[in-house]
Amino acid sequence: MSRTGASGVDFGRRVVVVRPVGRLPVRPAVVCLALGLAALAIGVLALSTGELSIPPADVLRALAGEGSGAYRLVVVEWRLPRVLLALLLGVALGLSGAIFQALTRNPLGSPDVIGFNTGAYTGVLVVTVYVGTGYYLVAAGALVGGLATAAAVYLLAFKRGVQGFRLIIVGIAVSAVLGSVNQWFIIKVNLQAALAAAIWGQGSLNGLGWGQVVPVAIGVGLLCVVLLGYGPRLALLEMGEDAAAALGVRVEATRLAYLIIGVALIAVATAAAGPISFVALAAPQLAQRLTRTPGIALVPSAAMGAFLLTLSDWLAQRAFAPTQLPVGVVTVSVGGLYFGWLLIRQGRAQ
Amino acid sequence: MSLSARDITIGYDRKTISEHLDLDVPEGRFTAIIGPNACGKSTLLRALSRLLKPQAGEVLLDGRDIGSRPAKEVARRLGLLPQSSIAPDGIAVAELVARGRFPHQKLIRQWSAADEAAVVAAMAATGVTELSGELVDTLSGGQRQRVWVAMVLAQQTPIVLLDEPTTFLDIAHQIELLELCVRLNREQGTTMVAVLHDLNQACRYADHVVVMKAGRIVEQGDPRTIVTAELIEGVFGLGCRIIDDPETGTPLVIPRSSIVRLA
């Protein structure tokens with residue numbers, strides 16, 4: 001029989017027990033809920049502000065399919081896809097960062113450690129130089145470049161399984177090589193192609209519409225379902241290979257599955273919007289500090305990612321309006337502030 | 001629940017540590033594996049616990065190849081305390097112990113009454129109930145090791161393997177941990193296999209001792225009959241006398257000394 005109530009075991013924090021389904025720690029649940037509501041509130045704010053100001057009440061009416069046709073056009077057709085993309089890509093980036101930080105047991109772990117973004121940039125340069133420009137061509141180039149790089153790093157780092165530290169070192173080496181390849185391309189190619197690639201390299205949600213929302217939603221949704229299917233295995237892997245294996249986790253296969261999911265999540269985000277830095281890096285750490293979960297937790301990281309990206313994208317649109325900044329510029333600035341805060345905090349702690 | 005190795009060859013990459021090794025772990029008893037450094041005792045334990053796949057031969061759990069059985073199914077039958085595990089930052093004792101229930105849980109069945117009962121019992125058996133809500137990072141080495149043992153106990157497996165469980169513990173905690181193992185073995189019939197460094201502790205607490213040297217098993221049996229000065233000298237190259245432990249009557253190894261202590 002299912003029973004809900006406080007735990008009979010002292011877990012050192014407030015936990016709601018729903019037998020036999022699971023245990024829900026109260027603090028992380030409240031933080032996730034608050035982050036989700038904050039992200040939605042920023043979303044409504046983003047829907048109501050712009051060249052045409054629409055009162056929030058009218059925004060909600062337009063979302064419900066009521067109100068004036070002009071408002072519906074602006075809110076639903078023009079602004080809503082961008083807000084949804086910010087939420088979805090924020091979730092993807094937060095989850096991806098959490099996976100890589102847990103696997104490498106390193107707070108600086110991020111999808112970048114496996115060289116994905118540098119490789120994606122190389123792919124974009126190759127496509128713009130040799131094939132042509134256009135949103136889907138560029139997205140395809142980014143996907144192929146990023147995935148090929150990630151696969152190369154994994155194989156080069158493989159030695160009786162993949163250790164987090166080896167992955168980081170090999171990832172840095174491969175990224176450095178590809179970084180110089182990218183530089184060479186930018187110097188050699190014509191200005192127009194270099195400019196197109198550079199604009200992509202900023203990472204931006206400008207000009208994206210429903211055509212991008214649908215594939216992104218399907219991709220992120222499917223990956224979340226797969227991730228859910230793996231249950232708490234990521235947390236078990238964090239305890240070390242032997243401990244995880246002793247508890248019945250197939251360490252190497254599971255780690256590879258998580259790497260693939262993490263890379264696929266960042267691939268969806270990068271293909272859709274270009275490289276958006278720092279969200280994957282900062283979201284899991286900020287979420288952990290707020291929720292005080294043991295180790296890196298997936299759901300709070302996703303909620304934090306969605307919050308950070310919706311906030312950043314709204315700032316990117318409104319901070320210097322009517323000039324639209326690429327959201328990547330804002331996330332880099334936020335990342336800088338985050339590192340500053342981290343350094344000050346650690347300095348104080350010592 | 002039987003555990004045995006059949007003609008296994010084990011090692012890392014191209015380096016072979018043991019060849020054609022056979023071992024039947026006695027059911028319901030406390031087995032200690034002893035031997036000098038680098039004799040392959042931990043490697044054997046890793047193979048028995050399917051952390052290391054044998055290069056040849058097979059490890060049988062209940063007569064079936066351990067490597068071909070589902071990982072979670074094996075984890076419900078065989079528990080292991082590895083040499084090194086990492087407690088995630090900020091994890092509470094009960095939370096860590098509860099992770100031992102993973103092999104019994106399903107995706108939408110993560111915390112049953114049986115899970116809770118197992119965690120409560122494991123913490124009580126290891127004496128960490130009072131520490132339940134404390135953070136593992138803040139505990140002493142001895143307390144931390146007891147928490148890890150509690151996690152293995154929460155797994156509720158009929159076989160428990162321990163890889164050098166007493167390393168890093170002071171003498172009092174070593175004795176406490178080994179007596180806990182003996183109690184579990186006697187009260188619940190759990191088959192215990194431990195890699196131990198201290199010969200006297202092995203003789204005292206284990207009822208079956210496996211003696212290894214250079215990758216081979218040179219002798220095994222009841223410590224009171226097999227542990228002799230000749231065996232210890234042959235295996236460790238250490239001259240010694242064997243006397244009866246005045247406390248338990250089990251063999252006590254007294255190394256010979258060439259140094260005469262000045263008064």
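Descriptive notes on the structure:
- Local net charge near A:Ser48, Cβ-Cβ under 10 Å (Lys/Arg +1, Asp/Glu -1): 0
- The accessible surface of region B:5-112, taken with every protein chain in place and a 1.4 Å probe, is 45 percent carbon and sulfur.
- Summary of the geometry: region A:73-125 and region B:67-130, compared by the centres of their Cα atoms, lie 34 Å apart.
- Here the mean projected area of the convex hull built on the C-alpha positions of chain A is 21.1 nm².
- Taking every lysine pair in the protein assembly as shown that is 8 or more places apart or spans two chains, those with Cα atoms closer than 24 Å amount to 11.
- FRET efficiency for the pair A:Trp184 and A:Val44, taken as 1/(1 + (r/R0)^6) with r the Cβ-Cβ distance and R0 = 51 Å, rounds to 0.65.
- Evaluated at q = 0.08, 0.11 Å⁻¹, the base-10 log of the normalised Debye intensity for chain B, with identical point scatterers placed on the Cα atoms, takes the values -0.34, -0.64.
- The calculated FRET efficiency for the pair B:Asp22 and B:Arg69, based on their C-beta separation and a Förster distance of 22 Å, comes to about 0.60.
- Global form of region B:1-90, assessed from the alpha-carbon gyration tensor, a/c cut-off 1.5: rounded
- Between B:Asp170 and A:Ser53, the FRET efficiency from the beta-carbon distance, with R0 = 60 Å, is close to 0.25.
- Taking all protein chains into account, the per residue accessible area for region A:189-344 stands at 38 Å² (1.4 Å probe).
- Within region A:85-111, backbone nitrogen closer than 19 Å to the virtual label 7 Å beyond the Cα of A:Leu343 toward Cβ: A:107-109
- Sequence of A:Phe116, A:Phe339 from largest to smallest accessible area, 1.4 Å probe: A:Phe339, A:Phe116
- Rounded Å value of the spacing that divides the Cα centres of region A:185-243 and region B:220-262: 64
- Full extension of the chain between B:Ala229 and B:Arg256 yields a length gain of 8.7 nm, computed as 0.36 nm times the residue separation minus the alpha carbon distance.
- Its alpha carbons considered, region A:221-331 gives a radius of gyration followed by a Dmax of 16.6, 58 Å.
- Computed over the protein assembly as shown, the P(r) curve from all C-alpha pair distances, binned at 10 Å from the origin, holds 3, 14, 22, 21, 16, 12, 7, 4, 1, 0, 0 percent per bin.
- Probe 1.4 Å, all protein chains present, accessible-area order of B:Trp148, A:Trp210, B:Trp111, largest first: A:Trp210, B:Trp148, B:Trp111
- Using heavy atoms of the protein chains and a probe of 1.4 Å, the accessible area assigned to B:Arg241 is about 130 Å².
The values are calculated or read from the model by the stated rules, or taken from the named source; none is laboratory data. Computed from a predicted model, the values in this text were never measured in an experiment. Counting neighbours? That spans all protein chains shown, and the Cβs are built from the backbone with ideal geometry, glycine included. When the accessible area is computed, the model is the full protein with side chains, heavy atoms only, and any ligands, DNA or RNA have been set aside. Shrake-Rupley method; radii C 1.70, N 1.55, O 1.52, S 1.80 Å.
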